[in-house]
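The values are calculated or read from the model by the stated rules, or taken from the named source; none is laboratory data. None of these values were measured; they are calculated from a predicted model. Reconstructed Cβ throughout: ideal geometry from the backbone, glycine too, with neighbour counts over all protein chains shown. The area values use the complete protein model at the heavy-atom level, side chains included, leaving out ligands, DNA and RNA. Shrake-Rupley method; radii C 1.70, N 1.55, O 1.52, S 1.80 Å.
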Amino acid sequence: MHLAAHFPGVNSTTVWTDPRSRSQIEFSSFEHLARTAERGRFDFFFLAEGLRLREHRGRIHDLDVVGRPESITLLNALAAVTDRLGLAATVNATFNEPYELARRLATLDHLSAGRAAWNVVTSSDAFTGENFRRGGYLDRADRYTRAAEFVATARELWDSWSPDGNPRPFAHRGRHFDIAGEFTVPRSPQGHPVVIQAGDSDEGREFAASSADVIFTRHGTLDAGRAFYADTKRRLAKYGREPSELKIMPGVSYVLGDTAADAEERAAVIREQQVSPQNAILALEQIWGRDLSSYDPDGPLPEIDPDPGSDVAQGRVRVADPAAVAAKWRALSQQKGLSIRQTVIETTARQSFIGTPDAVAAELHEFVRTDAADGFILVPHLTPGGLDDFVGRVVPLLQERGVFRTEYTGPTLRSHLGLAEPVWKG
């Protein structure tokens, strides 16, 4: 089983109002979570990315945390205070250039002695693009073709130095990039940093099957996980790859308790914290696309329909069919007699694993044993201490079961994940 730690970010999973939560900017927060993950012998520490502050109704979205620092800079600092933990940075393939990013990632791999990873994400929306000179220039249909060429180009750059330390000129001529010259950073300890791909779409699965070492998914149920696992692993053969060459790691949350009832009670309290009355109205407005501030969070859902052309919330993943979501919410609300806030809690704030440490360890093992996942990226609801209980109470049980390492056996992230160093193609 592989385990990674996600530093909580700008989402309703994180309970920033909890007095135990600290800064999302100060280095001590990142250091605490990273050191905890390394104490638990986790594979890697995972950072998301935010290229523009999210807005809601034309104002900065301030109901959860706003802003986060640049990932690679932060991971370079964490490399100095950790020894074995992998360090994964989310970096967009739409608003960067291969030469510069390949250079920064190779540098992180050198500074960390082989622990760097790149989570490749794509974005083509004009809202994010307004922070860059190109704006929203990239057609949505092209974002994965650019990302695939971006990754291939980065690999050409990493291979432009031979394993024995000799540089060679490179030249890439493609649809999106036309560059030539000499790369400034020698081949790094892992050859290539580990490549992670985040996304569940058909295009994302194909991209992961062709180019990624790890795929970050969102499947929290056993059946959904098995279906995704079988479909994605099947696609690897088309690219001459073995199933073991791509690790599938869903992002999951958890709540622990001394008994099952205790854990359920804690989970209910956390869901109430995650969806405050204000957050309930905000979630409603993001679906309906209208100003619903006059509605009572403890009252019924609006009878009016969503505005299909609204841009009330910017910087979030778009809801594909707001009318369908609204219909589903209304049906659930009527069936169970739920208020606005209760409906939002029921539909958006769910924990993946709830139970005693022994029950959670058994359930995690079941996912891996039955090919629903190769491991998990854990998303705690508290920053930075949300991983403490898991490492203290669940990791030892996984180790007793013999399904998780008791010590690191190699120095690099590739060795943690059981991935071979890429063959040099100079």
### Summary
Ser244 fails exactly one of (1) open to solvent by 20 Å² or more (accessible area, probe 1.4 Å); (2) in contact with a His (Cβ under 8 Å, 6 or more places away or on another chain); (3) part of a helix (DSSP H, G or I), namely (2)
### Query
Restricting attention to the stretch 209-222, which residues are in contact (Cβ under 8 Å) with a residue 12 or more places away in the chain and either over 22 Å from Leu47 (Cβ atoms) or not in a strand (DSSP E or B) (or both)?
Ala209, Ser210, Ser211, Ala212, Asp213, Arg218, His219, Gly220, Leu222
### Summary
Residues of the stretch 17-44 being crowded, with 17+ Cβ neighbours inside 10 Å and in a loop (DSSP other than H, G, I, E, B), in sequence order, are Ser21, Gln24, Gly40, Arg41, Phe42, Asp43
### Task
Run Thr14 past the list (1) part of a loop (DSSP other than H, G, I, E, B); (2) open to solvent by 20 Å² or more (accessible area, probe 1.4 Å); (3) among the polar types (S, T, N, Q) and report the number of the one that doesn't hold.
(2)
### Task
Considering only the stretch 48-69, state which residues are open to solvent by 70 Å² or more (accessible area, probe 1.4 Å) and in contact with a strand residue (DSSP E or B) (Cβ under 9 Å, 6 or more places away or on another chain).
Leu53, Arg57, Asp62, Arg68
### Query
So which residues in the stretch 48-67 are part of a strand (DSSP E or B) and either without any contact (Cβ under 8 Å) to a residue 24 or more places away in the chain or within 14 Å of Leu3 (Cα to Cα) (or both), if there are any at all?
Arg59, Ile60
### Message
Which pairs turn up if I take residues in the stretch 344-370 that are farther than 19 Å from Pro250 by Cα and look for partners that are among the acidic types (Asp, Glu) and open to solvent by less than 50 Å² (accessible area, probe 1.4 Å) with beta carbon separation below 7 Å, at least 6 apart in sequence or on another chain?
### Response
none
### Query
Among the listed residues Asp139, Asp164, which satisfies the condition of being out of contact with any strand residue (DSSP E or B) (no Cβ under 8 Å at 6 or more places or on another chain), free of Cβ contacts under 8 Å to residues at least 24 places away in the same chain and either within 22 Å of Gly204 (Cα to Cα) or buried (at least 17 other Cβ atoms within 10 Å of the Cβ) (or both)?
Asp139
### Task
Scan the stretch 380-388 and give yes if some residue there is buried (at least 21 other Cβ atoms within 10 Å of the Cβ) and of a type in the set (Val, Ile, Thr), otherwise no.
yes
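Here is a yes/no grid of residues against (1) among the basic types (Lys, Arg); (2) without any contact (Cβ under 8 Å) to a residue 24 or more places away in the chain; (3) in a loop (DSSP other than H, G, I, E, B); (4) touching a Leu at 6+ places or on another chain (Cβ under 7 Å):
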site: Phe132; (1), (2), (3), (4): no, no, yes, no
site: Arg143; (1), (2), (3), (4): yes, no, no, no
site: Arg146; (1), (2), (3), (4): yes, no, no, yes
site: Phe150; (1), (2), (3), (4): no, no, no, no
site: Arg175; (1), (2), (3), (4): yes, no, yes, no
site: Ile179; (1), (2), (3), (4): no, no, no, no
site: Val185; (1), (2), (3), (4): no, no, yes, no
site: Asp200; (1), (2), (3), (4): no, no, yes, no
site: Phe207; (1), (2), (3), (4): no, no, no, no
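Residue by residue, here is whether (1) of a type outside the set (D, E, K, R); (2) surrounded by fewer than 22 Cβ atoms within 10 Å (Cβ to Cβ) holds:
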| position | (1), (2) |
| --- | --- |
| Glu97 | no, yes |
| Leu105 | yes, no |
| Val121 | yes, yes |
| Asp125 | no, yes |
| Gly129 | yes, yes |
